[in-house]
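Below is one structure; the comments refer to it alone.
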Amino acid sequence: MHPSILKSFCAIALVGFIVACSEIRTPPDRQELRGVWITNIDSEVMFDRAKTAEAMQYLADRGFNIIFPVVWNGGHTLYPSEVMVRYFGEDYRIDPRFEGRDPLRDIIYEARKHGMEVMPWFEYGFASSHDKGGGHILEAYPHWVAKDSLGRLLTKNKFEWMNAFHHEVQEFILELIAEVIENYDIDGIQGDDRLPALPAEGGYSEYTRNLYKLEFGEEPPLDPREEPFLQWKADRLSDFGEQLYELVKYYDPELMVSLSPSIYDWSKNEYLQDWTEWVRRGTLDLLHPQVYRYDIDAYLDELERQQAYFLESDASRHPDTGRDHPIYHAPGVLIKVGQNYNGPAYVRQALERHHELGLHGEVYFFYEGLHEENENLGDSIRAFHYHKPAFLPHRDYHRRKPGYLLAHSYADTTSGGAWHEAEHPGALHGRILTSRDAGAYNRLRLFVSDAGHYDILVHIPHANPPQGTVTYKLELADESHEYRVDTASVREGGWHLLDTVPFRHGERFHVAISGSGGEDASVWFDALILQRNHHWSLK
């Protein structure tokens with residue numbers, strides 16, 4: 001027994017433009033990455049467990065299969081972090097807006113319920129703050145500062161930067177990534193136009209000057225874009241990317257390194273992201289260039305240019321790296337930023353071209369755009385593009401099967417006492433089972449078809465959960481374990497982890513639900529789920 005883990009058809013009657021869309025003919029065995037970014041800005045998804053559950057259900061219903069939730073921005077993590085406590089103190093364990101919660105864990109539970117993959121997004125990368133003069137990170141570690149040629153704090157578009165070449169800064173970012181891998185059952189990690197990245201204007205801190213002088217015997221040039229200085233800086237970031245890749249694969253070779261740089265070669269000239277070199281070195285698995293354009297013709301032109309860069313670099317892999325794994329290209333598609341919105345007509349043309357070019361899917365920025373114009377885009381994508389399921393191109397489909405979801409009406413049950421169905425906003429169908437009998441119980445007979453470790457989670461209704469302590473007893477062949485859930489001490493409803501347990505192939509067992517046993521006892525049952533935990537199954 002392992003200890004509990006707290007780480008963790010054109011559719012009918014659609015209106016408006018949707019009716020005019022033509023269906024893309026998707027093969028029945030389509031392998032396609034259908035991803036979306038989840039942010040904590042201009043979105044409520046991560047701020048409330050009920051909204052998280054609603055969003056994951058929405059995406060699953062519309063055929064999405066991979067989620068990229070933000071976990072690092074503004075100098076804060078969006079999960080409880082011991083690394084942040086060690087570097088900055090207890091006040092920085094988590095973004096203060098999420099104190100007492102774990103948004104990453106909640107997204108993982110809800111996404112896995114539907115068989116969707118989760119790759120946490122380290123949005124800020126090497127940026128320390130936005131319009132805060134470096135924020136608490138550079139206040140605590142001033143020698144981490146990145147500087148421009150005038151010796152000023154390196155700032156671009158109001159983002160202030162740590163020195164991405166400093167070994168301590170690199171170790172800090174790698175520690176955050178390792179912490180997430182160690183504590184959560186994820187499927188990969190996601191970097192973007194700030195990881196690995198640094199504005200090209202940088203490279204003038206004392207630390208970086210000394211690195212350059214050690215190699216070239218002279219001071220770096222005053223022009224930050226002068227060759228070979230620009231290439232030297234880009235290569236240092238490519239070296240970091242190699243460290244990141246090897247770190248991730250050390251923990252689990254099946255974890256994906258997913259990177260979403262700016263478009264090439266603007267990415268290199270402005271942010272030192274020489275991603276064609278990343279492809280040649282084989283230090284990523286999924287590539288999502290941010291081909292963000294408001295005009296569809298501009299998007300299609302840029303898309304073909306980026307595909308040409310990708311194919312050329314993929315064909316010229318460095319032979320001595322030993323990394324000959326496939327790299328999948330699924331471009332970033334902009335659907336919403338601020339008040340700007342690209343709707344169904346734009347997405348239809350983009351996806352048609354993706355299919356023609358043989359691309360591996362797409363990733364949308366960002367989730368809230370699917371709800372624009374009374375769900376116009378989300379419903380259009382479901383009706384005309386994603387209504388047939390698709391396997392992820394980088395996976396054997398067995399890796400992330402949907403969990404075994406058991407509602408209160410589960411058939412293979414023996415019970416005692418007087419139970420009745422009550423209308424309540426539970427996990428399924430708006431009903432739960434309740435009883436006032438002190439000796440009432442429900443005993444579920446279960447089995448798992450695949451060997452591995454499984455998370456056992458129970459659902460507590462989000463709104464007005466029934467009060468009382470419920471005992472869950474796990475009955476295995478040669479041992480049993482009890483877990484108590486007291487709704488009076490639960491801050492939010494949703495899925496709560498009881499334990500993570502190893503099971504053999506086809507193993508049968510029971511879970512019994514009962515009350516606290518007192519005269520005034522009440523007992524209730526909403527739903528239970530068994531989800532295979534890939535992370536623990538590797539151990």
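The values are calculated or read from the model by the stated rules, or taken from the named source; none is laboratory data. What you are looking at is a predicted structure, and each value in this text was computed from that prediction instead of being measured. As a convention, Cβ positions derive from the backbone with ideal geometry for all residues, glycine included, and neighbour counts pool all protein chains shown.
Within the stretch 37-60, which residues are more than 21 Å from Leu334 (Cα to Cα) and among the acidic types (Asp, Glu)?
Once the filter is applied, which keeps residues that are more than 21 Å from Leu334 (Cα to Cα) and among the acidic types (Asp, Glu), the stretch 37-60 yields Asp48, Glu54.
List every residue pair whose Cβ atoms lie under 6 Å apart, where the two residues are 6 or more positions apart in sequence or sit on different chains, the first residue falls within the stretch 164-180 and is under 12 Å from Thr77 (Cβ atoms), and the second residue, located anywhere, is assigned to a helix (DSSP H, G or I).
Going by the 6 Å Cβ cut-off, the qualifying pairs are Glu175/Val83; Leu176/Val83; Glu179/Val83.
Checking the structure you have, find out if any residue of the stretch 400-416 is crowded, with 20+ Cβ neighbours inside 10 Å and more than 15 Å from Val511 (Cβ to Cβ).
yes
Based on this model, can you work out whether Gly203 counts as on the phi > 0 side of the Ramachandran plot, surrounded by fewer than 18 Cβ atoms within 10 Å (Cβ to Cβ) and part of a loop (DSSP other than H, G, I, E, B)?
For Gly203, the condition - on the phi > 0 side of the Ramachandran plot, surrounded by fewer than 18 Cβ atoms within 10 Å (Cβ to Cβ) and part of a loop (DSSP other than H, G, I, E, B) - is not met.
For the stretch 126-159, how many residues are hydrophobic (A, V, I, L, M, F, W, C), surrounded by fewer than 16 Cβ atoms within 10 Å (Cβ to Cβ) and assigned to a loop (DSSP other than H, G, I, E, B)?
Summing the residues that are hydrophobic (A, V, I, L, M, F, W, C), surrounded by fewer than 16 Cβ atoms within 10 Å (Cβ to Cβ) and assigned to a loop (DSSP other than H, G, I, E, B) in the stretch 126-159 gives 1.
Pick out the one residue from Ser380, Ser313 that is in a helix (DSSP H, G or I), small (Gly, Ala, Ser) and within 30 Å of Glu246 (Cβ to Cβ).
Details: Ser380 fails: within 30 Å of Glu246 (Cβ to Cβ).
Only one candidate qualifies: Ser313.
Just checking, which of Ser313, Ser380 is surrounded by 20 or more Cβ atoms within 10 Å (Cβ to Cβ) and over 25 Å from Pro69 (Cα atoms)?
That would be Ser313, the only listed residue that is surrounded by 20 or more Cβ atoms within 10 Å (Cβ to Cβ) and over 25 Å from Pro69 (Cα atoms).
Take the stretch 476-508 and flag every residue that is surrounded by 17 or more Cβ atoms within 10 Å (Cβ to Cβ) and over 31 Å from the mean Cα position of the chain (by Cα).
none
If you scan the stretch 80-98, which residues turn out to be part of a loop (DSSP other than H, G, I, E, B), out of contact with any Pro (no Cβ under 7 Å at 6 or more places or on another chain) and not polar (S, T, N, Q)?
Matches in the stretch 80-98: Pro80, Gly89, Asp95.
Being within 22 Å of Thr434 (Cβ to Cβ) and touching a Lys or Arg at 6+ places or on another chain (Cβ under 8 Å) is the filter here, so list the residues in the stretch 469-482 that pass it.
Answer for the stretch 469-482, where residues must be within 22 Å of Thr434 (Cβ to Cβ) and touching a Lys or Arg at 6+ places or on another chain (Cβ under 8 Å): Thr469, Val470, Thr471, Tyr472, Glu482.
Out of all the residues in the stretch 407-425, which are in contact with a strand residue (DSSP E or B) (Cβ under 8 Å, 6 or more places away or on another chain), of a type in the set (A, V, I, L, M, F, W, C) and in a loop (DSSP other than H, G, I, E, B)?
Ala418, Trp419, listed by residue number.
Restricting attention to the stretch 354-368, does a residue exist that is in contact with a strand residue (DSSP E or B) (Cβ under 6 Å, 6 or more places away or on another chain) and aliphatic (A, V, I, L, M)?
Scanning the stretch 354-368 turns up at least one residue that is in contact with a strand residue (DSSP E or B) (Cβ under 6 Å, 6 or more places away or on another chain) and aliphatic (A, V, I, L, M).
Is it true that Ile189 is in the same structural domain as Phe68 (by TED's automatic domain parsing) and part of a strand (DSSP E or B)?
Values: in the same structural domain as Phe68 (by TED's automatic domain parsing): yes; part of a strand (DSSP E or B): yes.
Yes.
Looking at (1) in a helix (DSSP H, G or I); (2) buried (at least 21 other Cβ atoms within 10 Å of the Cβ); (3) out of contact with any Phe, Trp or Tyr (no Cβ under 7 Å at 6 or more places or on another chain), find the lone condition where Thr208 falls short.
Exception for Thr208: condition (3).
Can you tell me which residue among Gly63, Gly115, Gly35 is under 14 Å from the mean Cα position of the chain (by Cα), within 19 Å of Arg399 (Cα to Cα) and either modelled with pLDDT under 95 or surrounded by fewer than 21 Cβ atoms within 10 Å (Cβ to Cβ) (or both)?
Exactly one residue qualifies, and that residue is Gly115.
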